[in-house]
Each structure stands twice: as structure tokens, then as C-alpha cells.
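Before any comments, here is the structure.
The values are calculated or read from the model by the stated rules, or taken from the named source; none is laboratory data. The shown structure was predicted, so the numbers you read here are calculated from the model rather than taken from an experiment. Here the Cβ positions follow ideal geometry from the backbone for every residue, glycine too, while neighbour counts run over all protein chains shown.
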Amino acid sequence: MFHWESSRKLCPAYSKNNLDLVEWAKEAYAHGWGYVWGTFGTVLSRGFYKAKAEQYPEEVGGYADFIESHWLGRRTADCVGLIKGYGWLNPDTHEVEYGTNGMPDIGADTMYEIATEKGTIDTIPDIPGLAVWREGHIGIYIGGGEVIEAMGTQYGVVKTELSSGRWTHWLKIPYITYLEGDVGAAPNESRVWRILYAEIGNPYGVAGLMGNLFAESGLQSNNLQDSYEDFLGYTDTSYTQAVDDGSYSNFPSDSAGFGLAQWTVEDRKTSLLAFANARGCSIADLDMQLAFLCHELETKFPGVLEKLKNASSVREASDYVLVHFEAPADQSESAKARRASYGSVYYDRYGQNNQEDENVAS
């Protein structure tokens, strides 16, 4: 195992995602990582270098003088190693653990061959974290028309233009989750974070919960379950208005998901409506829904609250919320990974400040 340190923490979710891959690549570029064939983001110690020179006498041994004068004692990766190093990184311990997290030790061409989503470079979608490929070489598209790649022994990790004409194809790396277009910023998401953090006090737990709320409602407190809009003949706005003015009285029992957590079952929707009425506010009032959510955690789901307060990773918190609080029909591994990846975005945006505050306090 090898320890990786950075001024910027990657999101502590066990599910790997394209956004963190981009940050990993940016760190490699910013810190001037070198290139040595067969390496994957670890410090090139003399012993490790000698082992690689014996393993690859032409690709490494043939550049002995240059490697020893430029890259020895620094972090290095080859082109596909830049991707594999992220795949093998344990985000909690920052140890690069060879062959872990479902990322096999394969070459650039094999990674392209087994990818199920790929195309010619002229069809590349603007999704940061895609891989770009030509025969024998691979890089990471970081968005904005730019690529970060471990170019070669005499270049190291560099930033280049996608339009350079060097790439022939793009692909989605098969071993990570793609959050296409990023997780869009909701207007009140920072307020949601602050209120939930005051209740939970653990950034991993808050991020795991918010990732699930985003999956359910996009953090929109007036969100009516999409599949019920045509069925009931309402939009988000008109449904909220009809419940508020009393012209629609079937709110508790219509089985339509509503609000931040997409409350669905009758007893929970009945309690939500009573909570809003007691406060004299709209059923879609954000602060009311957050207060009700915290009330549910304290009274109806104390086990979930305990888990959120003590979770040691976003994935741990997210999985528990999905199974024991939201309980959607889809509880597959891909659903868990997707929601944990959403949560990792919120941890990235807000959680590190809380973590740093806690470290200072302790």
C-alpha cells in the first residue's frame, strides 16, 4: 500500500465517480507528477524504481538517467496508471491499495475494448471524467476542452487541448459512476446543509442524507413525483397550491411522493400535513420540511439518526438512508453507488469545512 497526500481531499465515498477522477487528475498535474511505465500515482522510491526497471527493461530501464534525475522521489504514473491509481485509492485512508475497488490492472487498450459506452472523438459529450483514447494511450477529459494525461517519460503529467487531434475515441471508464453534467446546485442547498448539520453533526452523515434527498427530489421542497403529475393533473406548483388552499384533500392518501424526501406513505404524509398546519405554513415550506425531517429522525427513525451521527464515510451513511429511511423500490448496487456519488459531491462542497472545524476544535 502507498499513502497519497494532497492539499485537496477527495470525496470519501467508496463509489468511484467521474468528478473525483477529474480532481485526482488536476492534483497530479498541479503537483507535477512524473511518468514511469507501470506506476500509478505513488512516490517513486529507489526500490520501487528498480523493481519497475527489472519488470520493464525497455520502457523504464531505457530511460534510467532521465528518470533518476527527474522523477525519483516524486509521484509518477503511466497513462492508464493515472486512472488506476484513482480507482485503487481508499478515500478514507488515502492509501493506494493495488487492485481494489473493482478496478482491474489492465492496459489502456483493454480499458477501451471493454467499455460499453464509447464513440469516435467527434461525438464526445461534454462530461468531465470521460477517458480519451488512441491506440496504446489514454487520458482524462477534465472539461472545457482540456485533457490531463501522463504523456511520456520525458513529459510527465501534462494538460493538453482536446482539439489537438491526437485522440481518436472517447469512453466511459467501466469501473466508475458518471454524474453527467455534475450535481446542479439547488438554490437553498447550503441552507439545507447547515440545518441538517446542526441536527447530525457529522459531515459524512449529512452528505449521505443529502445525496439521497437529491436523488428523490433534486432538493426541491415542492417536488411532486413526476409519474403522478399526469395521473393527478397537477404540476409541482399547482399541487402545492391546491393542498395549501384545501381544494385538494387527498394529499395523505394519494401515494404520490412529495417534497424533499418524497414522503409517500399515508401515515408520514398525514404527519407532514399536520406539521405544516401547526406552523401555519405551506406544505412546501423548506424550513418546515427540514424541521419535520429532523423530527422524523429523532422520533420515528432514531436508528437512522444514530447511523448518520457516527458514519465514517459517505457511502456508509448513504446506504443506510436508502435502505432504512427512503426505502425505494430500486435498492441495487448501482442505485447505492449513484446516491453515494451524489452525496460525495455535497461533502466536497460543504463537508470539508466542517471536518476542518472539527479538527481544529479537537
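Of all residue pairs spaced 6 or more apart or on separate chains, those with beta-carbon atoms under 9 Å, a first member in the stretch 105-134 that is without any contact (Cβ under 8 Å) to a residue 12 or more places away in the chain and a second member that is surrounded by 14 or more Cβ atoms within 10 Å (Cβ to Cβ) and not in a loop (DSSP other than H, G, I, E, B) are 110/80.
The residue that is nearest to residue 71 (Cα to Cα), counting only those in the stretch 107-126 that are buried (at least 16 other Cβ atoms within 10 Å of the Cβ) and in contact with a Lys or Arg (Cβ under 8 Å, 6 or more places away or on another chain), is 112. For the stretch 188-224, a residue qualifies if it is outside any helix (DSSP H, G or I) and hydroxyl-bearing (Ser, Thr, Tyr), and exactly one does: 221. Which is of a type outside the set (S, T, N, Q), at pLDDT 95 or above and within 23 Å of residue 26 (Cα to Cα), of 103, 111? Testing whether each residue is of a type outside the set (S, T, N, Q), at pLDDT 95 or above and within 23 Å of residue 26 (Cα to Cα) leaves just 111. In this entry, residue 280 is excluded by the filter for residues that are assigned by TED's automatic domain parsing to the domain that holds residue 193, of a type in the set (Gly, Ala, Ser) and in contact (Cβ under 8 Å) with a residue 24 or more places away in the chain. When we screen 80, 36 for residues that are in the same structural domain as residue 158 (by TED's automatic domain parsing), at pLDDT 95 or above and in contact with a Ser or Thr (Cβ under 8 Å, 6 or more places away or on another chain), the only hit is 36. Scanning the stretch 46-63 for residues that are part of a helix (DSSP H, G or I) and surrounded by 14 or more Cβ atoms within 10 Å (Cβ to Cβ) turns up 48, 49, 52, 53, 61, 62, 63. A search for C-beta distances below 8 Å between a residue of the stretch 39-55 that is more than 13 Å from residue 70 (Cα to Cα) and any residue that is polar (S, T, N, Q) and surrounded by 12 or more Cβ atoms within 10 Å (Cβ to Cβ), counting only pairs 6+ apart in sequence or on different chains, returns 39/76; 41/76; 42/76; 48/39; 48/42; 52/39. If we scan the stretch 249-258, do we find a residue that is among the acidic types (Asp, Glu) and either assigned to a helix (DSSP H, G or I) or closer than 25 Å to residue 309 by Cα (or both)? Looking through the stretch 249-258, none of the residues is among the acidic types (Asp, Glu) and either assigned to a helix (DSSP H, G or I) or closer than 25 Å to residue 309 by Cα (or both). Considering every residue within the stretch 279-297, establish whether at least one is under 27 Å from residue 91 (Cβ atoms), surrounded by 20 or more Cβ atoms within 10 Å (Cβ to Cβ) and in contact with a helix residue (DSSP H, G or I) (Cβ under 7 Å, 6 or more places away or on another chain). Yes: one or more hits. One residue stands out among those in the stretch 221-238 that are among the hydroxyl-bearing types (Ser, Thr, Tyr) and under 26 Å from residue 196 (Cα atoms): the one that is nearest to the chain's Cα centre (by Cα), which is 221.
Looking across the stretch 134-148 at every residue that is small (Gly, Ala, Ser) and assigned to a strand (DSSP E or B), the one that is farthest from residue 28 (Cα to Cα) is identified as 143.
When the stretch 64-86 is filtered for residues that are of a type outside the set (A, V, I, L, M, F, W, C), crowded, with 22+ Cβ neighbours inside 10 Å and not in a loop (DSSP other than H, G, I, E, B), the ones remaining, listed by number, are 75, 76, 81, 84, 85, 86. Residue 176 passes every criterion in (1) farther than 26 Å from residue 339 by Cβ; (2) touching a residue at least 60 places away in the same chain (Cβ under 8 Å) apart from (1). Please indicate, with yes or no, whether at least one residue in the stretch 195-218 is within 30 Å of residue 116 (Cβ to Cβ) and surrounded by fewer than 20 Cβ atoms within 10 Å (Cβ to Cβ). For the stretch 195-218, residues within 30 Å of residue 116 (Cβ to Cβ) and surrounded by fewer than 20 Cβ atoms within 10 Å (Cβ to Cβ): present. Listed here are the helices (runs of 4 or more DSSP H) enclosed by the stretch 272-362 that have at least 3 residues being more than 17 Å from residue 196 (Cβ to Cβ): 333-346, 352-361. In the stretch 279-289, is there at least one residue being at pLDDT 95 or above and farther than 25 Å from residue 210 by Cβ? Looking for residues that are at pLDDT 95 or above and farther than 25 Å from residue 210 by Cβ, one finds at least one in the stretch 279-289, hence yes.
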